[in-house]
Amino acid sequence: MKDKIGIFFSGLCVVHCLLSTALIISGVGATFLKISEELVHPILLIFVVMIGLISFPSSYRLHHNPRPMTYGAIGTAGIFLALFFDTTLEIVLTITFGSLLIFAHYWNNKLKTG
(Lines give C-alpha, C1' and ligand atoms only; values in the text may rest on other atoms or scores of the structure.)
Protein backbone atom coordinates (compact mmCIF):
# COMPACT_ATOMS: atom_id res chain seq x y z
CA MET A 1 0.00 0.00 0.00
CA LYS A 2 2.85 2.40 0.84
CA ASP A 3 4.38 1.96 -2.60
CA LYS A 4 1.03 2.57 -4.29
CA ILE A 5 0.76 5.84 -2.36
CA GLY A 6 4.36 6.61 -3.37
CA ILE A 7 3.49 5.96 -7.02
CA PHE A 8 0.48 8.26 -6.66
CA PHE A 9 2.44 11.20 -5.21
CA SER A 10 5.40 10.72 -7.56
CA GLY A 11 2.89 10.61 -10.41
CA LEU A 12 1.34 13.85 -9.13
CA CYS A 13 4.77 15.50 -9.45
CA VAL A 14 5.04 14.35 -13.07
CA VAL A 15 1.45 15.35 -13.92
CA HIS A 16 1.97 18.71 -12.19
CA CYS A 17 5.02 19.38 -14.38
CA LEU A 18 3.20 18.36 -17.54
CA LEU A 19 0.26 20.58 -16.60
CA SER A 20 2.64 23.46 -15.81
CA THR A 21 4.21 23.08 -19.24
CA ALA A 22 0.80 23.16 -20.95
CA LEU A 23 -0.20 26.27 -19.00
CA ILE A 24 3.07 28.03 -19.77
CA ILE A 25 2.67 27.30 -23.48
CA SER A 26 -0.93 28.51 -23.41
CA GLY A 27 0.13 31.78 -21.79
CA VAL A 28 -1.76 31.45 -18.50
CA GLY A 29 1.11 29.90 -16.59
CA ALA A 30 2.53 32.90 -14.70
CA THR A 31 -0.01 32.90 -11.87
CA PHE A 32 -0.03 29.12 -11.74
CA LEU A 33 3.77 29.00 -11.46
CA LYS A 34 3.84 31.49 -8.58
CA ILE A 35 1.29 29.43 -6.61
CA SER A 36 3.11 26.26 -7.59
CA GLU A 37 6.50 27.48 -6.42
CA GLU A 38 5.21 28.67 -3.07
CA LEU A 39 2.71 25.94 -2.19
CA VAL A 40 2.48 22.87 -4.42
CA HIS A 41 6.19 22.03 -4.72
CA PRO A 42 6.97 21.96 -0.99
CA ILE A 43 3.82 19.97 -0.17
CA LEU A 44 4.43 17.35 -2.86
CA LEU A 45 8.09 17.06 -1.91
CA ILE A 46 7.21 16.53 1.77
CA PHE A 47 4.84 13.70 0.85
CA VAL A 48 7.33 12.12 -1.57
CA VAL A 49 10.12 12.16 1.04
CA MET A 50 7.94 10.90 3.90
CA ILE A 51 6.49 8.03 1.89
CA GLY A 52 9.93 7.04 0.61
CA LEU A 53 11.35 7.02 4.12
CA ILE A 54 8.54 4.78 5.29
CA SER A 55 8.30 2.49 2.27
CA PHE A 56 11.80 1.67 1.05
CA PRO A 57 13.58 0.71 4.30
CA SER A 58 10.70 -1.43 5.58
CA SER A 59 10.43 -3.23 2.24
CA TYR A 60 14.19 -3.75 2.07
CA ARG A 61 13.97 -5.71 5.31
CA LEU A 62 11.56 -8.08 3.54
CA HIS A 63 13.20 -8.56 0.13
CA HIS A 64 16.86 -7.57 0.81
CA ASN A 65 17.29 -5.98 -2.62
CA PRO A 66 18.90 -2.53 -2.28
CA ARG A 67 18.19 -1.37 -5.84
CA PRO A 68 14.63 -0.04 -5.38
CA MET A 69 15.76 1.95 -2.34
CA THR A 70 18.79 3.25 -4.25
CA TYR A 71 16.66 4.30 -7.24
CA GLY A 72 14.13 5.81 -4.84
CA ALA A 73 16.84 7.87 -3.15
CA ILE A 74 18.20 9.05 -6.51
CA GLY A 75 14.68 9.93 -7.70
CA THR A 76 13.87 11.84 -4.52
CA ALA A 77 17.18 13.71 -4.57
CA GLY A 78 16.63 14.57 -8.23
CA ILE A 79 13.17 15.98 -7.56
CA PHE A 80 14.58 18.03 -4.69
CA LEU A 81 17.50 19.34 -6.75
CA ALA A 82 15.18 20.20 -9.64
CA LEU A 83 13.62 22.92 -7.48
CA PHE A 84 16.84 24.94 -7.73
CA PHE A 85 16.91 25.18 -11.54
CA ASP A 86 15.09 27.41 -14.00
CA THR A 87 11.60 26.42 -15.10
CA THR A 88 12.47 24.39 -18.20
CA LEU A 89 15.23 22.37 -16.57
CA GLU A 90 13.13 21.97 -13.42
CA ILE A 91 10.31 20.44 -15.45
CA VAL A 92 12.63 18.07 -17.34
CA LEU A 93 14.40 16.96 -14.16
CA THR A 94 11.18 16.48 -12.21
CA ILE A 95 9.61 14.41 -14.98
CA THR A 96 12.78 12.32 -15.30
CA PHE A 97 13.40 11.75 -11.60
CA GLY A 98 9.69 11.46 -10.78
CA SER A 99 9.46 8.67 -13.36
CA LEU A 100 12.48 6.98 -11.77
CA LEU A 101 10.77 7.23 -8.40
CA ILE A 102 7.56 5.72 -9.79
CA PHE A 103 9.62 2.83 -11.18
CA ALA A 104 11.40 2.37 -7.83
CA HIS A 105 8.10 2.18 -5.94
CA TYR A 106 6.64 -0.18 -8.54
CA TRP A 107 9.67 -2.49 -8.37
CA ASN A 108 9.73 -2.31 -4.57
CA ASN A 109 6.07 -3.36 -4.46
CA LYS A 110 6.65 -6.24 -6.90
CA LEU A 111 9.55 -7.55 -4.80
CA LYS A 112 7.41 -7.45 -1.66
CA THR A 113 4.40 -9.17 -3.19
CA GLY A 114 6.35 -11.68 -5.27
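The values are calculated or read from the model by the stated rules, or taken from the named source; none is laboratory data. Source: prediction; values computed, not measured. When we count neighbours, we look across all protein chains shown, and the Cβ atoms used for this are built from the backbone with ideal geometry, even at glycine. These area figures cover heavy atoms from the full protein model, side chains too; ligands, DNA and RNA do not enter into them. Shrake-Rupley method; radii C 1.70, N 1.55, O 1.52, S 1.80 Å.
Does segment 74-102 hold any residues that are assigned to a helix (DSSP H, G or I), surrounded by fewer than 17 Cβ atoms within 10 Å (Cβ to Cβ) and over 10 Å from the mean Cα position of the chain (by Cα), and which are they?
Matches in segment 74-102: ILE74, LEU81, THR87, THR88, LEU89, VAL92.
For (1) open to solvent by 80 Å² or more (accessible area, probe 1.4 Å); (2) at pLDDT 90 or above; (3) closer than 18 Å to MET1 by Cα, each residue gets a yes or a no:
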position: GLY27; (1), (2), (3): no, no, no
position: PRO42; (1), (2), (3): no, no, no
position: MET50; (1), (2), (3): yes, yes, yes
position: ARG67; (1), (2), (3): yes, yes, no
position: THR70; (1), (2), (3): no, yes, no
